[in-house]
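Only one structure is covered here, and it is reproduced in the block below.
The values are calculated or read from the model by the stated rules, or taken from the named source; none is laboratory data. Here the structure is a predicted model, which is why all the values come from computation and not from measurement. For neighbour counting, all protein chains shown are included, and Cβ atoms are generated from backbone atoms with ideal geometry for every residue, glycine included.
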Amino acid sequence: MKSLILSLMLMTLASQSWAGSLSDDVNSLGGNKALMKKVKAIDPNNRVRVVQNRSVDRRLRLEMDFNYGAYNGGDPYLKSDSIGGQLEFHINPSISLDRDYNKYSNKKTMTVNLELSPFEPKNGTLKDFEERNKIKKELAERVREWTEQYCDAITENYKQYHVRQLNSNLSGNYPEYAQQQLDELKNGTAKLMKFRINEGRKYYKIIQQEYREASDYFKTDAGYRDGSVHSFVDKNTGEVYMAASWNKPAKHVRFDLRIIRDRSLLHDPSFVTWSTGYLYLR
């Protein structure tokens, strides 16, 4: 037993001595530059790369990178892309300063010649003409759907505004009336202002409607009646205009329903306002 223990002790001392001498030999080779010189001296015609597991010093280090991205598939009529960059300054391995910048943009992926006759192709083959008309029809259907959602958002905006006014009046001069109106809203019998779509030759007209009681003087029945025009939407392109009059939109496109960002805004009741403030040019 004693001889076995003695043998193990001798083997341990020998391995430690060998490991220590091997470590000394490796360290004596020097860094990457020294190794490269020695390797090239052995065979100058060979190109050798030396890789060592060394950490990168992050003290007072500056790093930069740039990025670009393109997105397809979300909308058949738009291409979205982004470009940006990042700048980092490392004070030490634990503390760094960082600055990011990204810019996003939307571009139309296809255009349709809206002046084409539905019966006679002017340019290209008949197949091209049929494809353009198919795209035009599909876009018109989507514009109608988007316009309906836009109209619903305006109606919901007025409802939210009306509820806020009634809640504030609960502690005001007419609490009983305010509570009655709130109860009607809950049971679905409230006759609030709403908005409807009137389809014209070129535009969808968004019309404000108010409920009026029956009048013997004017000989009218109770019901909703048209008020003012809220906005116009181009049936073919989805471009949104402020109203200049009952039959005419104002100049300059305010929003475009084909653009994802614009469409998201116009479908958000917290962005659109029943009083048209969001349509003024800024």
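Observations on the model:
- Number of positions in the range 227-248 that are free of Cβ contacts under 8 Å to residues at least 60 places away in the same chain, of a type outside the set (Ser, Thr, Tyr) and farther than 26 Å from Asn133 by Cα: 8
- Among the residues making up the range 102-154, those that are closer than 29 Å to Ile197 by Cβ, exposed (fewer than 15 other Cβ atoms within 10 Å of the Cβ) and at pLDDT below 75 are Lys107, Lys108, Thr109, Met110, Thr111, Asn113, Leu114, Glu115, Ser117, Pro118, Phe119.
- So Leu182, is it in a helix (DSSP H, G or I), without any contact (Cβ under 8 Å) to a residue 24 or more places away in the chain, in the same structural domain as Pro269 (by TED's automatic domain parsing) and closer than 29 Å to Tyr280 by Cβ: no
- One residue stands out in the range 243-279 among those that are of a type in the set (Gly, Ala, Ser) and within 27 Å of Ser105 (Cβ to Cβ): the one that is surrounded by the fewest Cβ atoms within 10 Å (Cβ to Cβ), namely Gly277.
- Residue list for the range 243-275, restricted to those being among the charged types (D, E, K, R) and either assigned to a strand (DSSP E or B) or in contact with a His (Cβ under 9 Å, 6 or more places away or on another chain) (or both): Asp256
- Checking the stated criteria, Thr189 turns out not to satisfy the condition of being in contact with a Phe, Trp or Tyr (Cβ under 8 Å, 6 or more places away or on another chain) and not aliphatic (A, V, I, L, M).
- Residue count, the range 194-217 (criterion: touching a Gly at 6+ places or on another chain (Cβ under 8 Å) and touching a residue at least 24 places away in the same chain (Cβ under 8 Å)): 1
- Matching residues, the range 125-173, being assigned to a helix (DSSP H, G or I) and among the small types (Gly, Ala, Ser): Ala140, Ala153, Ser168
- Of the residues contained in the range 227-242, one or more are found to be surrounded by fewer than 16 Cβ atoms within 10 Å (Cβ to Cβ), at pLDDT below 95 and either outside the structural domain of Ala190 (by TED's automatic domain parsing) or part of a strand (DSSP E or B) (or both).
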